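Remarks on the structure that follows.
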Amino acid sequence: MSVTYNFGFMDEHAKKEVRRSILKAISIPGYQVPYSSREMPMGRGFGTGGLQITLSLIGADETLKVIDQGSDDSVNAVNLRQFVELTCPGVNTTTHLNAATLIQSRHRIPEVPLTPNQTLVLQVPYPDPLVVVEPSEDKRKMMHGEADYARLLVKLYEDIVKFDEITISHRYPTRINGHYVIDPSPIPRWDVPKLHNSPALILFGAGREKKIYAVPPHTKAEPLAFDDVPFRVESFNDAQGNRRPCERCGATDSFLDEYINEDGSKRYQCSDSDYCDTVLENSKEVAHA
Amino acid sequence: MGYVAIKGGGQAIRGAEDVLETLRASEGAAGVPLSIDTIENQLRLLTSRIVSEGGLYHPKLAALAIKQSQGDTLEAAFALRAYRSTMPRLMETQAQDTSKMRLIRRISSAFKDIPGGQMLGPTYDYALRLMRLDLTDESPEKFRDIAHQFLEQTPEPNLPDTFPKVVEALREEGLLPQAEVSEALAFDITREPLIFPVPRSAALATMARAETGSLLALAYSNMRGYGDVHPTIAELRVGYLPVMLPHPITGELTEAGEVLMTECEVVAMYEDDSNQGKPTFTLGYGACFGHNEVKAISMAILDRALQKGMKEGASNPSEDPEFVLLHVDGVDSMGFASHYKMPHYVTFQSDMDRLRTTQQKHEDSKKTKMGDAQ
């Protein structure tokens, strides 16, 4: 009894199928392309959709960065990166955004704008934004085809009536290229504007739900909102209305994680660890100069 | 100050692996590692469950999966399923003829006597579920003698090569409609995603590798009253099915090997025929790799329920193809349940932002109202 694995774990037919689905997804921005989705050796829900895209695209000349919650060293990111290193001999991995050509991420888009030679792969638990208003996939497919997002807009409107505020925190429904509304994966609202006219290709992979979709480069991405109630990102202002800085690097332009100290007080640090390190590094250089 | 975000992931994973491995070997000096053959034979029903839920007929690898997952059925099926992803599809199997099965068990609850006869075979159905304390300290010599003695004392059975199917007799009598022979190739759920509505072959394939407990729960809901199948088991058979594949050179169907499987056909009460034809019974079909009767029965009941749902619309969850087929896969459901253990710091931060903002607005509006009242 012996077991050998192909480069990239999956057999070549499977990788080809994923690549064809990606091409279709790019051709129809925001459309959820169904694909067969193989079982990966990590749990459904741990990024198997993103991983299948990564493994199908990766070649020996690629440099991969894997992040989870903004961090390269979180358990799941390490796990995925090690799996790619194990099954794709010769592939480079990095934690530096500017060195990466392929970035797989869960829940975050890096703070520094992506470049045209980079591809971002986002892991997706729920690919369909309409699932909050319609449980049947069959019916949702028709609604997407007809660009019928009335019930989603009504949900936003009801939020405003009830709470005076749209209460969707993450997975904010976003209209792509003027037609399909996507679930941009559980990125915070902070990251949604980064989808708009992105120079980099952004791919979304939902392994369990067997869907791939894309926001191609330089494509319109508009979060659903109303003329009089604009879309708003998370606020990191303190009680006085001043923007909190990251306590480690001092940045005031990044998504912050909130920590509770032993004494009950709070502390804020960048969620994007590579960005935090870079800002810290640059400030040291400035200090030396 | 160090960076507090989720550092040291790699080290933590290695530590977890070590502890897990240590627990597997925690018997210490007295421990004997389980051999793959031991698992395959002594835990044969567990192995059956894994080949079926893993969707790959490889009892040896299934036994290995059971060993490395320390007996967790979901994990073991998962490992086998992931291994399957590394294999290309070489050909499409033709429909196999289950009347050719080499049977170890065959029963019908519809008829006292069936052509070919009932054959109880290995089953716990009529066993008293009392603790067999004699097994706690089994002598290896006695254990090895069990099979030997059985074979010595049992006369060579004179069994025919094929057993007729009970449902065929019902068809001949016109109590069941003739089987529809479909020219279309079966839907391959490993190569195509389910896009609803799906053909019956897709539903059957999905259920054939579904998690046993999930299928049972949904079928049970139908049996108890959230549905109206009221099945009778026309035939339940367990045995080795010869797998016929086209010969690579001549193209002639050739036996490539055999797989242990369980097959169940349930007959349900007839329904009004909208086509004004003769009323007949209806059939539900279940089949899976390995010896797993509860799974085959549950699948047959759900097949019947789903056929009704596809035709007339679902009036119960077990009749709704999306509800049943998208929620019975063990790899999908256990993976997603487990993923909640991963960090969700970013999304929770975003949740708190929304709650704090709405709380603030709530406070503000209360103040305004109080101001208005004064």
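The table for this structure:
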item	result
Amide hydrogen neighbours beyond the local backbone of A:V121, cut-off 5 Å, H modeled	A:I103, A:Q104, A:S105, A:L203
Values of log10 I(q)/I(0), in the order q = 0.10, 0.12 Å⁻¹, for chain B under a Debye, Cα-only, solvent-free model	-0.81, -1.07
Length gained when the stretch B:E183-B:A256 is fully extended (0.36 nm per residue, less Cα-Cα span)	24.0 nm
Set of lysines with alpha-carbon distance to B:K112 below 27 Å, sequence-local pairs under 8 removed	B:K100, B:K165, B:K278, B:K295
CD proxy at 222 nm, helix term only [per DSSP H run n ≥ 4: -39500 (n - 2.57); per residue of chain A; nearest 500]	-8500 deg cm²/dmol
For the range B:67-77, 3J(HN,Hα) per residue [Karplus equation, 6.51 cos²θ - 1.76 cosθ + 1.60, θ = phi - 60°, Hz, x = Gly/Pro]	4, 6, 9, 6, x, 6, 5, 5, 4, 5, 4
Least to most buried among B:F150, A:F255 (fewest other Cβ within 10 Å first)	B:F150, A:F255
Karplus (6.51, -1.76, 1.60) ³J(HN,Hα), θ = phi - 60°, over the range B:44-54, in Hz, Gly and Pro reported as x	5, 6, 5, 4, 4, 5, 6, 4, 6, 6, x
Distant-in-sequence amide H partners of A:C249 (H built 1.01 Å from N, under 5 Å)	A:C270
Hz values of 3J(HN,Hα) by residue in the range B:281-297 - Karplus curve (6.51, -1.76, 1.60), Gly and Pro given as x	5, 10, 10, x, 10, x, 7, 8, 4, x, 9, 8, 6, 4, 5, 5, 5
Average partner coverage of A:204-210, which counts Cβ from other chains inside 10 Å	3
Sequence of B:H58, A:H13, A:H170 once ranked by neighbouring C-beta atoms within 10 Å, starting from the fewest	A:H13, B:H58, A:H170
DSSP beta bridge pairing in chain A, given as percent antiparallel to the nearest 5	55
Per-pair calculated FRET efficiency, R0 = 56 Å: A:D138 and A:E285 via Cβ, rounded to 0.05	0.45
Antiparallel DSSP beta bridges within the protein assembly as shown, percent to nearest 5	75
Peptide B:331-338, shielding by other chains (average Cβ, 10 Å cutoff)	6
Residues B:Q96 and A:H218, FRET efficiency given R0 of 56 Å [Cβ-Cβ distance, rounded to 0.05]	0.60
Estimated FRET transfer efficiency when R0 is 51 angstrom, pair B:L135-B:K369 (beta carbons, to 0.05)	0.10
Label point at B:M352 placed 7 Å out along Cα→Cβ; residues across the range A:225-255 whose backbone nitrogen lies under 19 Å	A:233-255
Helix-only mean residue ellipticity at 222 nm for chain B, each DSSP H run of n ≥ 4 adding -39500 (n - 2.57), per residue, nearest 500	-13500 deg cm²/dmol
Nonlocal amide H pairs with A:R108, under 5 Å, H built at 1.01 Å	A:Q69, A:G70
Cβ-based exposure ranking for B:Y124, A:Y213, in which fewest neighbours within 10 Å come first	B:Y124, A:Y213
Cα-based Rg / Dmax (Å) for chain A	19.8, 67
Over the range A:237-289, relative contact order from alpha-carbon pairs under 8 Å, at least 6 apart, %	29
Highest to lowest packing among A:197-206, B:330-339, A:261-270, B:98-107, scored as the average C-beta count within 10 Å	A:197-206, B:330-339, B:98-107, A:261-270
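Readers should treat all values here as calculations from the given coordinates under stated rules, not as data from a laboratory. In this text the structure is predicted, and so the values were computed from the model without any measurement. So basically every Cβ, Gly included, is an ideal-geometry build from the backbone, and we count neighbours across all protein chains shown.
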